[in-house]
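Right, one structure below, let's go through it.
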Number of protein chains: 2
Amino acid sequence: MISQKARYALRALLFLAARGEDTPVQISEIAESERIPRKFLEAILLELKKTGIVRSHRGRSGGYSLGRPAKDISFADVLRVTDGPLALSPCVSVMAYRKCDDCFDEAVCAIRKALLAARDATAQILESRNLAAAAAQLRRSGAL
Amino acid sequence: MISQKARYALRALLFLAARGEDTPVQISEIAESERIPRKFLEAILLELKKTGIVRSHRGRSGGYSLGRPAKDISFADVLRVTDGPLALSPCVSVMAYRKCDDCFDEAVCAIRKALLAARDATAQILESRNLAAAAAQLRRSGAL
DNA sequence: CTTAATCCCTATTGACTAGATAGAGATTTG
DNA sequence: CAAATCTCTATCTAGTCAATAGGGATTAAG
């Protein structure tokens, strides 16, 4: 299961992607529109900023905007920031590989083989879905 | 990421599947062979029993054995017991559907669409991998 | 029938994380 | 300057994960 943080992050980013323009949007506006606790959203956007997914503009009439084109921000990108690796085990993570603590022989591990296939399948999907596509779909559904 | 509990469960079941015979194996034997804390394994096997994945035999010379043929126990079956639904969101879970707390319109939710595709991809893999195949692979690798 | 070996059950512990909040500091614009 | 914004650190509560403890119930063997 993804965390609440991930949900909030996706909703906030989708909000930015949907409005399209490049002018910064204030935290409070996103928070109210998407019903996200303001302070919590603050922390989330800060993290997203560190990885370049959003860009911030300080001072009066500041706010947040997407850090790169919406089509270049995948669901995988976001989930990796909020929830860590997509993989079901550190030993099959591509972005954050780590040997399992008690693994005898990784090459032979039957569990690893299955989890690796699962990771690849999930990553393939989540890396192919991006904010632009999602926002476009919302528009088609008349939700905007 | 899967839990430590899931790892232990998979290892224990693989141990049972690998030995093949139907005579019950005692917790202590599994625990020692697989280096799993004995009491913790007890709790795990108890849960697996409730769902029929293993069968128990009480009293002296009792123990545990697989509850059905190894080829009919998938990785998905096991992970669902130890870690809950495979889905990344309750609203895309097939075995344990639940509406998201703050969802406006599920039919239109762009997040849901992506998570649904991810779930299907993961489930497809994890349901197709079973203990018999994993044990066979171990034998081929000479790990047994 | 007694005894010893097993599984069964409930409770508890310690460490850690998730989700949320508070409050002050830094920066920019009008 | 003053007001509005983002930035940062600290904190709190509830819950979960991993593991442990200590019996009680059941059965097979002697």
* **For the range A:17-128: relative contact order, % (alpha-carbon pairs under 8 angstrom, 6 or more apart)** => 21 percent
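What is the dipole size for the protein assembly as shown, taken about its Cα centre, with +1 at each Lys and Arg Cβ and -1 at each Asp and Glu Cβ, in debye to the nearest 20?
120 debye
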* Structure fact -> Beyond 18 Å (Cα-Cα) in this structure, taken from A:K113/B:K39; B:K5/B:K99; A:K5/A:K50; A:K113/B:K49; B:K39/B:K71; B:K5/B:K50, we find A:K113/B:K39; B:K5/B:K99; A:K113/B:K49; B:K39/B:K71
* To do: Provide the descending list of Cα extents for chain A along its principal axes, expressed in whole angstroms.
  => 57, 33, 24
* Asked: Along Cα→Cβ at 7 Å, what distances in nm separate the B:G59 label point from those on the other copies, shortest first?
  -> 8.4
* Asked: Quick one: B:C103, B:C91, fewest Cβ neighbours within 10 Å first, how do they rank?
  -> B:C103, B:C91
* Rounded to the nearest 500, what is chain A's calculated 222 nm mean residue ellipticity when only DSSP H runs of at least 4 contribute -39500 (n - 2.57) each, over all residues? -> -16500 deg cm²/dmol
* Once phi is turned into ³J(HN,Hα) by the Karplus curve 6.51 cos²θ - 1.76 cosθ + 1.60 with θ = phi - 60°, what whole-Hz value does each residue of the range A:58-72 show in order, with x for glycine and proline? -> 8, x, 3, 6, x, x, 10, 9, 5, x, 7, x, 4, 6, 9
* From largest to smallest, what semi-axes in whole angstrom does the protein assembly as shown give when each is the square root of 5 times an eigenvalue of its alpha carbon gyration tensor? -> 44, 18, 17
* Any idea how far apart B:K99 and A:Q124 come out in nm if each label point goes 7 Å out from Cα toward Cβ? -> 3.4 nm
* **Lys, Arg +1 and Asp, Glu -1 on Cβ, resulting dipole of the range A:85-128 about Cα centre, debye, nearest 20** => 40 debye
* **Shielding score for B:104-115, defined as the mean number of other chain Cβ atoms within 10 Å** => 6
* Gained length - A:S141 relative to A:S65, 0.36 nm times residue gap less alpha-carbon distance -> 25.0 nm
* Which whole-number percent gives the relative contact order of the range B:75-128, counting Cα pairs below 8 Å spaced six or more residues apart? -> 41 percent
* To do: Fewest Cβ neighbours within 10 Å first, please rank B:V54, A:V81 accordingly.
  => A:V81, B:V54
* **Extension reserve of the A:E106-A:D83 stretch, reckoned as 0.36 nm per residue once the Cα distance is removed** => 5.8 nm
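None of the figures in this text is laboratory data; all of them are computed from the coordinates on show. Quantities reported herein were computed from a predicted structural model and do not represent experimental measurements. Using ideal geometry, Cβ is built from the backbone for each residue, glycine included, and neighbour counts are taken over all protein chains shown.
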